[in-house]
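Trainee: Just dropping this structure here.
Nothing in this text is a laboratory measurement; each read-out follows from the coordinates by a stated rule. Nothing here was measured: the structure is a model prediction, and the numbers come from that model. Using ideal geometry, Cβ is built from the backbone for each residue, glycine included, and neighbour counts are taken over all protein chains shown.
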Amino acid sequence: MASTQEKGATRVGPQTSKLPTPSDEFHKMLARSNGAWTGQATMTFAADAPPVTSTSTLTNTMAMGGLYQVSEITYNIMGKRITGIRVTGYDAAKKIFTRAMIQDGGNGVAMEGPWDETVKSMTFRYKQANSSTGRESEMKEVYTIIDENTELLELFRLDPQTKNESKILNVKWTRDK
């Protein structure tokens, strides 16, 4: 009878794998942001166009035993209601945050990035397809924890010709009381 295990393969099971736990400071930091938040957003679609403002809501909860923060986001842009879901975690082995975002009215993205203790922020770099042109843009998201009741999301796009970053979104989140 032939063996179903390849020669030199490592058997994966409870005895060889260690499950992550939400006991580190970064998972606890995510959990501190649980609850309802209101955001004041400013979006810039083109350098020669006036900025667009919007109010948004954000509800954060921890999931999967405290390993991930699930965020439900709702906002209006020019009269259109948009909803999104964001999942943020911390990879203790790589020492980076991971994040995935999906929303109606756009493409989903996955990203990862480090925590900078000196400025209390996570910086994510990723590529995102433009749903109008089909071309990918290089993006940067900076998420800053200002204090227990205030967080800031900044989104930048890299111009492929000039290599300059331009801020396209700024959301100041305030915890609901």
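Trainee: Calculate, in nm to one decimal, what ALA47 and THR21 gain on full extension: separation in residues at 0.36 nm each, minus their alpha carbon distance.
Mentor: Taking 0.36 nm per residue and subtracting the Cα distance, the gain is 4.9 nm.
Trainee: Of the chain, which part is the longest with no GluC sites (Glu not before Pro) in a loop (DSSP not H, G, I, E, B) and with at most 15 other C-beta atoms within 10 angstrom?
Mentor: In the chain, the maximal stretch lacking such sites is 7-116.
Trainee: Sum -39500 (n - 2.57) across every DSSP H segment of at least 4 residues in the chain, then divide by the residue count to get the 222 nm mean residue ellipticity, nearest 500.
Mentor: -1000 deg cm²/dmol
Trainee: Hey, another quick one. If the chain between LYS28 and THR150 were fully stretched, how many nm would it gain, using 0.36 nm times the residue separation less the Cα-Cα distance?
Mentor: The span from LYS28 to THR150 would gain 42.3 nm if fully extended.
Trainee: Of the trypsin sites (Lys or Arg not before Pro) in region 127-161, which ones lie in a loop per DSSP and count no more than 12 other C-beta atoms within 10 Å?
Mentor: In loop regions of region 127-161 (DSSP not H, G, I, E or B), the sparsely surrounded trypsin sites (Lys or Arg not before Pro) are ARG135.
Trainee: Also: Please list the non-local residues whose amide H lies under 5 Å from the amide H of SER33, H modeled 1.01 Å from N, same-chain partners needing a gap of 5 or more.
Mentor: Placed amide hydrogens put nothing under 5 Å from SER33.
Trainee: Also, quick follow-up: For region 146-167 and region 25-73, what is the separation of their Cα centres, given in Å?
Mentor: 14
Trainee: So what is the relative contact order for the chain, in percent, with contacts set as C-alpha pairs under 8 Å and at least six apart?
Mentor: About 16 percent, as a whole number.
Trainee: Then there's this: Hull surface divided by four, with the convex hull built on the Cα atoms of the chain: how many nm²?
Mentor: 15.3
Trainee: Using Stokes-Einstein with the Kirkwood hydrodynamic radius over Cα pairs, what translational diffusion coefficient do you get for region 91-152 at 4 °C and a viscosity of 1.567 mPa s, in µm²/s rounded to a whole number?
Mentor: 99
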